[in-house]
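**Q** Dumping the structure here so I can ask a few things about it.
The values are calculated or read from the model by the stated rules, or taken from the named source; none is laboratory data. As the structure is a computational prediction, the values presented were derived from the model and not from experiment. All Cβ positions, glycine included, derive from the backbone under ideal geometry; neighbour counts span all protein chains shown. Note: accessible area is taken over every heavy atom of the protein model, side chains too, but ligands, DNA and RNA are not part of it. Shrake-Rupley method; radii C 1.70, N 1.55, O 1.52, S 1.80 Å.
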Amino acid sequence: MIDNFKNIDYLTNGNNKQKLAFLEIKKFGILDKLQQYNPILTGTIPLDIDLPESDLDIICQCKNHTQFNRDLIKNFSDEKDFKIYSAHQNGIESTIAEFKTDHFLIEIFGQNIPTEKQNAYRHMMVEYQILKEKGIDFKKKIKHLKSTGLKTEPAFAKLLGLQGNPYLALLELEK
């Protein structure tokens, strides 16, 4: 059981991919370089519902996108296949950087929202609670649906019988 997703030490007790993710994040100093942006590793790897091609998603709170952009370029532009771009996600300005490490595609995502309130973290916390409650068979079904091409939130919504937009429907389950 994971008490604190904000400290990635839990990965050292996980499966081989989680242990590798921990080592990779440490080797490249990713969270240290992003410390002022309250970074949190989110997504499927922390929950052990990832696929072989799953990336490492790190969310950040950036109050100033220009400065965040500069810091990302300064810290990561020398990494393989580095790219950075801006987008609007759910109407919110977002800065996204991607690069490859030895074993992973890293995606760093910044919005001017506290990381604990960003949808990626909120989804992960809801999914974590559901996985704890439903057990290993449910987790296997999620992984199977994902292997057929379904994204994570739609897979949860399908198995739970949630109607409408799966991303919003999952947030309705927050406790």
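**Q** Quick one: putting +1 on the C-beta of Lys and Arg, -1 on the C-beta of Asp and Glu, what dipole do you get for region 1-93 around its Cα centre, in Debye to the nearest 20?
**A** Around 300 debye, computed over region 1-93.
**Q** Taking only protein heavy atoms and a 1.4 Å probe, what accessible area per residue, in Å², does the chain have with all protein chains in place?
**A** Heavy-atom SASA per residue in the chain reads 54 Å².
**Q** What percent does the relative contact order of the chain come to when contacts are Cα pairs within less than 8 Å and at least six residues apart?
**A** Relative CO of the chain lands at 18 percent.
**Q** For the chain, the longest stretch holding no GluC sites (Glu not before Pro) located in a DSSP loop with at most 14 other Cβ atoms within 10 Å is which?
**A** Result for the longest clean stretch: 54-171.
**Q** Heavy-atom accessible area of TYR85 with all protein chains present, probe 1.4 Å, nearest 10 Å²?
**A** The accessible area comes out at roughly 90 Å².
**Q** Under a 1.4 angstrom probe, counting protein chains only, how are THR115, THR66 ranked by accessible area, largest first?
**A** Sorted descending by solvent-accessible area, the residues read THR66, THR115.
**Q** GLU107: net charge of surrounding residues, Cβ under 11 Å, Lys/Arg +1, Asp/Glu -1, itself excluded?
**A** Counting the neighbours of GLU107, the net charge comes to -1.
**Q** Then there's this: Of the accessible area of region 52-175, with the probe set at 1.4 angstrom, what percent is carbon plus sulfur?
**A** Solvent-exposed carbon and sulfur of region 52-175 make up 48 percent of the total.
**Q** Size of the dipole of the chain about the Cα centre, Lys and Arg at +1 and Asp and Glu at -1 on the beta carbon, nothing else charged, in debye to 20?
**A** 240
**Q** Hey, another quick one. How much net charge surrounds LYS139 when only other residues with a Cβ under 13 Å from its Cβ are counted (Lys, Arg +1; Asp, Glu -1)?
**A** Net local charge, LYS139 excluded: +1.
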